[in-house]
2 protein chains.
Amino acid sequence: MQIAVLLYDGFTALDAVGPYETLAHLPGTETVFVAERPGPVRCDSGRLSLVAEKALDEVPRPDIVVVPGCPQPETQTGNPAVLDWLRTVDTATTWTTSVCTGSQILAAAGLLDGRRATGHWLYLDRLPAYGVRPTGERVVFDGKYVTAAGVSAGIDMGLALVGRLAGDEQAQTVQLMIEYDPRPPYDAGSPEKAPADLVARLRAVSPLPSR
Amino acid sequence: MQIAVLLYDGFTALDAVGPYETLAHLPGTETVFVAERPGPVRCDSGRLSLVAEKALDEVPRPDIVVVPGCPQPETQTGNPAVLDWLRTVDTATTWTTSVCTGSQILAAAGLLDGRRATGHWLYLDRLPAYGVRPTGERVVFDGKYVTAAGVSAGIDMGLALVGRLAGDEQAQTVQLMIEYDPRPPYDAGSPEKAPADLVARLRAVSPLPSR
């Protein structure tokens, strides 16, 4: 089973690494980081690069595709190379997935038409323009399409996928290995829980400037 | 403020990316990924490389150092280049930190002598040999030394550090931006919570083979 994680300039690192760290250690899987061109691909902070081992056309039939998000998804929703590749590989995937604003990229490729999907809370209102029904849920399964909320939600999505792929015990093993027993020191991880003035301030500066 | 994240062959990606994703977006900070040699550094799965922008000697005075762990910490606990660098930079850091078995590397550098520290649950029993008092807590502050439990605990550590560095509101902002409102689909993230037979099976194969 081949798992392809898409990289592109300005992606959010944890969006890609969360699902990777849960999926890549499954027995019988091969994970490949893929981008328009092989080589280092810079994250949104400008301070970190992950290496794409393959070009898009070298990975024509992954079983699972993971699309990370970023603060400027419009850089990819207008990128024919990425959208064409997503449409092509989607014809043969078992699971087509996204984290954060990655759902907007899948939507722009026309893959979520009429489906329920989630994404980063600040960007959910962009999804209806693509015929997608947004929800604020953390992980959404709709057919073979799996979308996760912002950034850190890719870990929850990855564990849920491991459960579907390899069973509950394997997923629990991965959870225990990555010691995923979260204890956030604050309780501000969603717009429902965070202080209202903080939520309002972030909405006021959205869409976010490049970080 | 400069934040240095150490990379070395075989490190666990999420150990490094969790703290990065919480710390690197703080205003007024510069994050640098550093390794013995600049260039791509391969993770434990063999399937992903992160790029070190600088060599160790190019980063002589970071304010914060983050040491990720890996399944084979002995590759680094016997590496004089890394241990010497850690001892040198530690003389000037504000915070010296680790995730997962990174605490064993800090301990091997002699930096945790007599201190309380945590790390990956499967490896905690290695710490007393270095004069360290292990605890199963998720994040441990002891003076300027901050250690996190396995892999995913670096996110909690990063948020706690942001709180100390920039205040609660900034930490809540980061938490909301990375939508860290965890909903693990299973409750097996610690040896206390996971099924006993699963814990026993992992203990039986520890130390873990290279992934």
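Structure notes:
- Restricting B:62, B:68 to residues that are at pLDDT 95 or above, within 21 Å of residue A:151 (Cα to Cα), more than 9 Å from chain A (Cβ to nearest Cβ) and buried (at least 21 other Cβ atoms within 10 Å of the Cβ) narrows the list to B:68.
- The residues in the range B:1-17 that are in a loop (DSSP other than H, G, I, E, B) and over 22 Å from residue B:88 (Cβ atoms) can be counted, and the count is 2.
- Test: residue in the range B:160-172 that is closer than 29 Å to residue B:10 by Cα, facing chain A (nearest Cβ under 7 Å), out of contact with any His (no Cβ under 9 Å at 6 or more places or on another chain) and not in a loop (DSSP other than H, G, I, E, B): yes
- When the range A:137-146 is limited to residues that are touching a strand residue (DSSP E or B) at 6+ places or on another chain (Cβ under 6 Å) and crowded, with 20+ Cβ neighbours inside 10 Å, the one that is nearest to the other protein chains (Cβ to nearest Cβ) turns out to be A:139.
- Within the range B:18-33, considering residues that are buried (at least 23 other Cβ atoms within 10 Å of the Cβ) and assigned to a strand (DSSP E or B), the one farthest from the chain's Cα centre (by Cα): B:31
- Residues in the range A:137-159 that are assigned to a loop (DSSP other than H, G, I, E, B) and either on the phi > 0 side of the Ramachandran plot or in contact (Cβ under 8 Å) with a residue 24 or more places away in the chain (or both): A:143, A:144, A:149, A:150, A:151, A:152.
- Qualifying position, being buried (at least 18 other Cβ atoms within 10 Å of the Cβ), facing another protein chain (nearest Cβ under 9 Å), within 23 Å of residue A:108 (Cβ to Cβ) and touching a Gly at 6+ places or on another chain (Cβ under 7 Å), among A:149, A:153: A:149
- Taking the range A:173-190 as the range and being more than 7 Å from chain B (Cβ to nearest Cβ) and part of a loop (DSSP other than H, G, I, E, B) as the test, only A:187 passes.
- For the range B:161-173, a residue qualifies if it is crowded, with 24+ Cβ neighbours inside 10 Å and β-branched (Val, Ile, Thr), and exactly one does: B:162.
- Looking across the range A:89-129, the residues that are surrounded by fewer than 20 Cβ atoms within 10 Å (Cβ to Cβ) and within 16 Å of residue A:74 (Cα to Cα) come down to A:110, A:125, A:128, A:129.
- Selected residue (only one of A:151, A:162, A:199 is β-branched (Val, Ile, Thr) and closer than 19 Å to residue A:25 by Cα): A:162
- In the range A:122-136, the residue that is nearest to the other protein chains (Cβ to nearest Cβ) out of those that are in contact with a strand residue (DSSP E or B) (Cβ under 8 Å, 6 or more places away or on another chain) and in a loop (DSSP other than H, G, I, E, B) is A:135.
The values are calculated or read from the model by the stated rules, or taken from the named source; none is laboratory data. Everything quoted here is computed from the prediction, not taken from an experiment. All Cβ positions, glycine included, derive from the backbone under ideal geometry; neighbour counts span all protein chains shown.
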